[in-house]
Amino acid sequence: MRLLDVEEKERLVEEFRASLEHWEADDEGSNEGLGAPVDLRTLLGEMAVLKNEVRLESRQFKSALEELRSFGETLREHNERLTRDLERAREHAAMAPREAERRLLLGMLDLRDRLQAGVDAAAARRPSLLARMVPGDTRFAQSQGLGLTLTLQRLDELLATHRVRPIDALGARLDPQHMRAVGVESVHDAPEGIVLREVRRGFLHGQELLRAAEVIVNKKGMQA
């Protein structure tokens, strides 16, 4: 084994020193821009601050979510009320013509009652001996009664075009849905609960009750 002389030893030491200086320069260059080293306490503090910020943002998001949910519920209730109001308005609009027609038909029935009373009065009228001696008055009364009868027939035809028809109450058993008993009488040869007379005639509009019949009903066992 050959021993190194002094010059070779110095050369190797210089090369080793140069290599060390090069490594140190590389380490310093790679650490530039990183700033001062961060210790564990600072790192834990920054993590705690970040955790608090995340918790605060989470609370704010939860609050915003609750407000959004409450707004959605309010909006849903408002839409439901609006839907109900629109439905009631639609039903009212649909019923308004029917209610107007019903009032008109009831007014026509009141007119019919007056005409019927006039026809009945003319039919029951018996001219006196003096009236029979004056034919002009008798003919006038007869023509007046005929006019009332024709007007009543025309009114009945008009009511029929509106699907209005009378209730057949006379001689029928009392029907609480279509008839209203306003009095009772006792007829022994008639069944119990049978309509004996009509005080005011009832009418149907299609299948619906327009005006109930006011009737006198038979009730047996009444004392005279």
Counting only protein heavy atoms and rolling a 1.4 Å probe, one gets per residue an accessible area for the stretch 137-201 in Å² of 70
Using a basic spin-label model with each label point 7 Å from the Cα along Cα→Cβ, how many nm lie between R200 and R114? 1.5
Give, rounded to the nearest 20 debye, the magnitude of the charge dipole that the stretch 148-224 has about its Cα centre when Lys and Arg contribute +1 at Cβ and Asp and Glu contribute -1 at Cβ. 140
Heavy atoms of R84 accessible to a 1.4 Å probe, total area in Å² rounded to 10: 120
So, in Å, what gap is there between the alpha-carbon centers of the stretch 52-128 and the stretch 173-224? 35
Looking at the stretch 180-224, which GluC sites (Glu not before Pro) are DSSP coil and have at most 16 other C-beta atoms within 10 Å of their C-beta? E192
Extension gain, E87 back to V187 (0.36 nm per residue minus Cα-Cα distance, nm): 30.7 nm
Each residue of the stretch 77-85 in order: what ³J(HN,Hα) in whole Hz does its phi give by Karplus 6.51 cos²θ - 1.76 cosθ + 1.60, θ = phi - 60°, with x for Gly and Pro? 5, 4, 5, 5, 5, 5, 5, 5, 4
Karplus-derived 3J(HN,Hα) from phi for the stretch 169-183 (6.51 cos²θ - 1.76 cosθ + 1.60, θ = phi - 60°), whole Hz, x at Gly and Pro, runs 9, 5, x, 9, 6, 4, 10, x, 6, 10, 10, 10, 6, 10, x
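The values are calculated or read from the model by the stated rules, or taken from the named source; none is laboratory data. Computed from a predicted structure; not experimentally measured. Because the Cβ atoms are built from the backbone with ideal geometry, glycine has one as well, and the counts that use them run over all protein chains shown. Heavy atoms of the whole protein, side chains included, go into the accessibility calculation; ligands, DNA and RNA do not. Shrake-Rupley method; radii C 1.70, N 1.55, O 1.52, S 1.80 Å.
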